[in-house]
Amino acid sequence: MSEQPDADATIEARLHEQDYFRPPAKFVGQANASDPDIYDEVGEFPDGFEQYAELLDWDERWDEVFDGSNPPFFEWFVGGKLNASYNCVDRHLDERKNQTALLWEGSDGEQENITYQDLHRRVNEMAAALRSQGVEEDDVVTVHLPMVPALPITMLACARIGAPHSVVFAGFSASALAERVDSADSDYVVTIDGYYRRGEFLDHIEKTDEALEEMDRDPQVLAWSRHEEPSDEVSDDYTDVESLLDEHERERVEPVSRDAEDPLFLMYTSGTTGKPKGCQHRTGGYLAYVAATSKNVLDIKPGDTYWCAADIGWITGHSYIVYGPLALGTTSVMYEDTPDHPHKGRIWEIAERYDVDIFHTSPTAVRMFMKWGPEYPEEYDFDFRHMTTVGEPIQPEAWLWYYKHIGDEDAVIVDTWWQTETGGHLITNLPALEDMKPGSAGKACPGIEPALVDDGGEKLEPASGKAGNLIIERPWPSMLQTVYGNDERFISTYWEDFSDTDSDDWTDWNYKAGDGAVQAQDGYWRILGRLDDVMNVAGHRLGTMELESAVAEVEKVAEAAVAAREDAEKGEVPDVYVVVREGVEETDAVKEEIVAAVEDEIGKFARPANVIFVDDLPKTRSGKIMRRLLENISNEQELGDTTTLRDPSVPEQIRDQMHGD
Ligand code: PRX
């Protein structure tokens, strides 16, 4: 992370531009987006985006496509009314009620084929169950569920009754759950007794138990069961979802007609400050944009079997496992466990079994498959037409491996750049229309206008090959509406730096992505990574400050700073530099306590790679910790500028300490 734009002005000279790969003719011949006019048509702002909204069924058509009168609170498809659950479920019943909507594979090979008709029944029953517990329109329902059908069913049930969901990734700890329940003013938590990880049954309800003790609110808890019999571990205070569903068997709940601008969900994500932000997404613009990008970028057709091997607990799963694919009426695959369980060929075994056409994963997963070796995919007979990567930059080497060993040099690859905040893809190729270039996300999506600015906000020449801060100059339908309950933070995080915040003219407002990027001469964008104190661990976004405040919970710690270390597999991993309090011995037990604190506060996926004891941290004269220097140390790079340090010898001392000199 943190590649400095100015330092990288000549990046093109350092990084060799890769050769292009043409999309296979058999792909081009059948692609959804095959007419280059789409760029001009959708680029006609704002009316071009109407063709996206027209992919949906509306109860009432919008009066105005875009209202930019109160920047940066932009509105889309104003006056329109629709229901997301209706669009993802009910409207497919006429044509494909017996087609599988969700194809779920459990840890031990257990399978569930949920047809659109089944999904309709189950979503209705869950919607009735939620209502029976008092959930009303606009109540935020926190959903803490793993990769089991209960998760998309709960989301769609919430959408049906107009209750925004706030899904908290199952790997988050009790503390993280508690924080998000409080922050979202949520009075309902939907959880489950447990799920399987590497074949072992993992108690999940204990996180809800602990979270309830930590949170300020006192929400009602609804608990699903992973097996038919509810587990004894579940508190009697919690409502058993399965019994509730029995009570509401075959009940129908009329989908609530929502304003296009009514929120569909919140998704918490890390930022530069300690507390995660609740990105609030609207119903109409979001659903229209994810349906359109699922169609045009992912090339999804109703008859396809599509598998995005992400977790629904992150934005990728919301947009491209649940809402986009189901809005198009396709078959979306879900898998409960890890790719190496019970063997390293599991992913390819599933791909073969279900005859998956379109496959979607992260560069971290590709690097892992690469490390395991091509013999695993070679054992299985699967044939992808289309493959996606998302979440981190993919190195050309990993891209080439994916292309050759997974795609058999016969599938297109799209490298999709976007964020929790953007709702859907913003930079990536339309696969039939552009050639692929390993390591580049490609061109901007139709209607999207990225640009680069220097730190002073001056725009760089387009396609200059120089690095800068990535901004988006024009609003788009799936952009976040605000940070839940905190409009000021919305403005200060995403707009203030590169907009004229006094202006009422929306064209003076630029969305700041927080990433560094380069646009090559051919117009292709390469994303360099975050420029703020956010790291990307195996495609998961983690705030440095969040990690540091977790470490600070350990009493023995006087001071701590976290730096991102580059990692061949996970992209980045956190290194924690710690100064212990007077009289505390620097032992492995203290290190373990620090690691445990991070796991407790955030979750196991955020586990630090190294805890490094130091005597002092590098600080400026005003006392600010210079994390960039720690990053240089973690990555064994030349030290950056040390002249502003209060004690310029500190970084060298740390290096010596690390090497035990
Ligand atoms: O740094 C960029 C990186 O992931 C960040 C967004 O993280 P998150 O909100 O968790 O969403 C991840 C899934 C969309 C971005 O600011 N990122 C995302 N996609 C790419 C990427 N970096 C390089 N290439 C990508 N394709």
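The values are calculated or read from the model by the stated rules, or taken from the named source; none is laboratory data. These figures come from a predicted structure and were not determined experimentally. Backbone-built Cβ (ideal geometry, glycine too); neighbour counts: all protein chains shown.
Taking region 617-632 as the range and being in contact (Cβ under 8 Å) with a residue 12 or more places away in the chain and either of a type in the set (Asp, Glu) or part of a loop (DSSP other than H, G, I, E, B) (or both) as the test, the residues that pass are 617, 618, 621, 623, 626, 631.
Here the condition is being assigned by TED's automatic domain parsing to the domain that holds residue 86 and away from the ligand (no atom under 16 Å from the Cβ); of 278, 303, 317, it holds for 303 alone.
Considering only residues that are of a type in the set (Val, Ile, Thr) and touching a residue at least 24 places away in the same chain (Cβ under 8 Å), look in region 487-506 and name the one that is farthest from the ligand (Cβ to nearest atom). For region 487-506, the residue satisfying everything is 491. Taking region 69-137 and the helices (runs of 4 or more DSSP H) fully enclosed by it, the elements with 3 or more residues that are in the same structural domain as residue 245 (by TED's automatic domain parsing) and buried (at least 16 other Cβ atoms within 10 Å of the Cβ) are at 84-88, 116-132.
Residues checked against (1) under 14 Å from residue 439 (Cα atoms); (2) among the hydroxyl-bearing types (Ser, Thr, Tyr):
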position: 366; (1), (2): yes, no
position: 377; (1), (2): no, no
position: 381; (1), (2): no, no
position: 395; (1), (2): yes, no
position: 401; (1), (2): yes, no
position: 405; (1), (2): no, no
position: 410; (1), (2): no, no
position: 416; (1), (2): yes, yes
position: 420; (1), (2): no, yes
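Per the listing 295, 301, the residue uniquely more than 16 Å from the chain's Cα centre (by Cα) and either surrounded by 19 or more Cβ atoms within 10 Å (Cβ to Cβ) or not in a loop (DSSP other than H, G, I, E, B) (or both) is 295. Of all positions in region 377-392, none carries a residue that is among the small types (Gly, Ala, Ser), touching a helix residue (DSSP H, G or I) at 6+ places or on another chain (Cβ under 9 Å) and surrounded by fewer than 22 Cβ atoms within 10 Å (Cβ to Cβ).
Yes/no per residue for (1) of a type in the set (S, T, N, Q); (2) within 12 Å of the ligand (Cβ to nearest atom); (3) farther than 29 Å from residue 264 by Cα; (4) out of contact with any strand residue (DSSP E or B) (no Cβ under 6 Å at 6 or more places or on another chain):
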| residue | (1), (2), (3), (4) |
| --- | --- |
| 373 | no, no, yes, yes |
| 379 | no, no, yes, yes |
| 382 | no, no, yes, yes |
| 390 | no, yes, no, no |
| 407 | no, no, yes, no |
| 419 | yes, yes, no, yes |
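Taken together, 150, 170, 176 contain a single residue that is out of contact with any Gly (no Cβ under 8 Å at 6 or more places or on another chain) and in the same structural domain as residue 484 (by TED's automatic domain parsing), which is 150. Filtered by the rule that a residue be within 27 Å of the chain's Cα centre (by Cα) and part of a strand (DSSP E or B), region 455-491 gives 467, 468, 469, 470, 471, 472, 482, 483. Restricting attention to region 532-550, the residues being more than 7 Å from the ligand (Cβ to nearest atom) and part of a strand (DSSP E or B) number 5.
Answer yes or no as to whether residue 284 is assigned by TED's automatic domain parsing to the domain that holds residue 402, surrounded by fewer than 24 Cβ atoms within 10 Å (Cβ to Cβ) and not aliphatic (A, V, I, L, M). For residue 284, the condition - assigned by TED's automatic domain parsing to the domain that holds residue 402, surrounded by fewer than 24 Cβ atoms within 10 Å (Cβ to Cβ) and not aliphatic (A, V, I, L, M) - is not met. Among the numbered conditions (1) of a type outside the set (D, E, K, R); (2) free of Cβ contacts under 8 Å to residues at least 24 places away in the same chain; (3) part of a strand (DSSP E or B), the only one that residue 243 does not meet is (3). Would you check which residues across region 511-531 are within 17 Å of residue 439 (Cβ to Cβ), part of a strand (DSSP E or B) and more than 6 Å from the ligand (Cβ to nearest atom) and list them? Answer for region 511-531, where residues must be within 17 Å of residue 439 (Cβ to Cβ), part of a strand (DSSP E or B) and more than 6 Å from the ligand (Cβ to nearest atom): 516, 517, 518, 519, 525, 526, 528.
Figure legend. Inter-residue proximity from region 82-97: first residues more than 12 Å from residue 159 (Cβ to Cβ), second residues buried (at least 24 other Cβ atoms within 10 Å of the Cβ) and among the small types (Gly, Ala, Ser), beta-carbon distance below 9 Å, spacing 6+ or different chains. Indicated pairs: 91/327; 92/101.
Among residues of region 214-231 that are in contact (Cβ under 8 Å) with a residue 12 or more places away in the chain and under 16 Å from residue 106 (Cα atoms), those with a beta-carbon under 8 Å from a residue that is of a type in the set (S, T, N, Q) and in a loop (DSSP other than H, G, I, E, B) at least six positions away or on a different chain give the pairs 225/231.
Tell me yes or no: at least one residue of region 331-354 is touching a Ser or Thr at 6+ places or on another chain (Cβ under 8 Å), touching a residue at least 60 places away in the same chain (Cβ under 8 Å) and under 30 Å from residue 39 (Cα atoms). Yes, region 331-354 contains a residue that is touching a Ser or Thr at 6+ places or on another chain (Cβ under 8 Å), touching a residue at least 60 places away in the same chain (Cβ under 8 Å) and under 30 Å from residue 39 (Cα atoms).
Among residues of region 459-471 that are farther than 19 Å from residue 496 by Cα, those with a Cβ under 9 angstrom from a residue that is part of a loop (DSSP other than H, G, I, E, B) and of a type in the set (Phe, Trp, Tyr), sequence gap 6+ or separate chain, pair up as 463/524. Criterion applied to 536, 486 was being in contact with a strand residue (DSSP E or B) (Cβ under 8 Å, 6 or more places away or on another chain) and surrounded by 20 or more Cβ atoms within 10 Å (Cβ to Cβ), and the one residue passing it is 536.
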